[in-house]
């Protein structure tokens, strides 16, 4: 008989992408498995084309309606990869055998507040996979998944001519301000790159992109070979942005959803870390020869939060300001060449 799983992850883009090895593992390693997935309606584009998902259920701020829909499916097990109040209520009301991943909140609190490091040196993907140990699901080594609808593929001929021969994708958005490098620093970074740059972000990153370009132009007086910069913020949907990431030579990014999408495409990733730390287990899930992490180590105040703040609580923002952007540019130029 088929085994019917309900995998739960309400948000966010990056976290949903990080669940894909579990989805693929259940579908391909458990005999006659049917895999359903629950997420917020706004995150449908992240999973809409995943061939390992048999059915998607969308949460649209009405938990009662969602639960009534799920009750009709007669699931065998719940794999809770969110483990919050909403998923707790869902599990309780469905009354099924459930497996929930360990959020290591205590270890994170100790690291943030008391600076005691007892964090497991284990990526969140592998902690997600631990929830499936009773079903003998193992890490298949195939990494993350992200599937783009062909209608959302961006042809290189759509881009200005200089970008059709290769470019760097610079992902500037992040959920919190303390995860974002200041505009002036990113402008200096762009001015020292030798290849065209496409700036990626949502509508909320439009002004930031304009400031980055302005600062890059200011630095051009000392660098006559400033590369062409294309501001793509707010001009492409998520899947189209993913297409641009897939076709980039190098992806420079904060800790964002597009960072994990870049990992799904096995890109060369340069990630910039501010108030949070890779040791929380959310670093790019790619081989070490494709992932280059830049961070300011040794700051007594870092990490100041397991998530982030709008602004640096102490005002100095050394975690980002002290990152050597010239070294970042040099590494990117090396990878592109």
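The values are calculated or read from the model by the stated rules, or taken from the named source; none is laboratory data. It should be emphasised that the depicted structure is a prediction, and the values quoted were computed from it without experimental measurement. As a convention, Cβ positions derive from the backbone with ideal geometry for all residues, glycine included, and neighbour counts pool all protein chains shown.
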**Fill in**
Picking from 148, 198, the residue that is in a strand (DSSP E or B), within 20 Å of the chain's Cα centre (by Cα) and not assigned by TED's automatic domain parsing to the domain that holds residue 47 would be 198
**Message:** What's the total number of residues in the stretch 264-282 that are farther than 21 Å from residue 330 by Cα and either in contact with a helix residue (DSSP H, G or I) (Cβ under 9 Å, 6 or more places away or on another chain) or buried (at least 22 other Cβ atoms within 10 Å of the Cβ) (or both)?
**Reply:** 9
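Residues checked against (1) exposed (fewer than 14 other Cβ atoms within 10 Å of the Cβ); (2) closer than 15 Å to residue 180 by Cα; (3) in contact with a helix residue (DSSP H, G or I) (Cβ under 7 Å, 6 or more places away or on another chain):
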{"site": "287", "(1), (2), (3)": "yes, no, no"}
{"site": "290", "(1), (2), (3)": "no, no, no"}
{"site": "293", "(1), (2), (3)": "no, yes, yes"}
{"site": "298", "(1), (2), (3)": "yes, no, no"}
{"site": "308", "(1), (2), (3)": "no, yes, yes"}
{"site": "313", "(1), (2), (3)": "yes, yes, no"}
{"site": "319", "(1), (2), (3)": "no, yes, no"}
{"site": "324", "(1), (2), (3)": "yes, yes, no"}
{"site": "332", "(1), (2), (3)": "no, no, no"}
**Prompt:** Before we move on, is residue 311 assigned to a helix (DSSP H, G or I) and either within 17 Å of the chain's Cα centre (by Cα) or touching a residue at least 24 places away in the same chain (Cβ under 8 Å) (or both)?
**Reply:** no
**Message:** Tell me whether the stretch 209-220 contains one or more residues that are in contact (Cβ under 8 Å) with a residue 12 or more places away in the chain, surrounded by fewer than 19 Cβ atoms within 10 Å (Cβ to Cβ) and within 19 Å of the chain's Cα centre (by Cα).
**Reply:** no
**Fill in**
Expected single match for closer than 19 Å to residue 176 by Cα and assigned to a loop (DSSP other than H, G, I, E, B) among 275, 225 is 275
**Segments classed as helices (runs of 4 or more DSSP H), wholly inside the stretch 1-47, with at least 3 members that are over 23 Å from residue 61 (Cα atoms) and assigned by TED's automatic domain parsing to the domain that holds residue 72** = 20-29
**Complete:** residue 189 fails exactly one of (1) outside any strand (DSSP E or B); (2) closer than 25 Å to residue 16 by Cβ, namely (2)
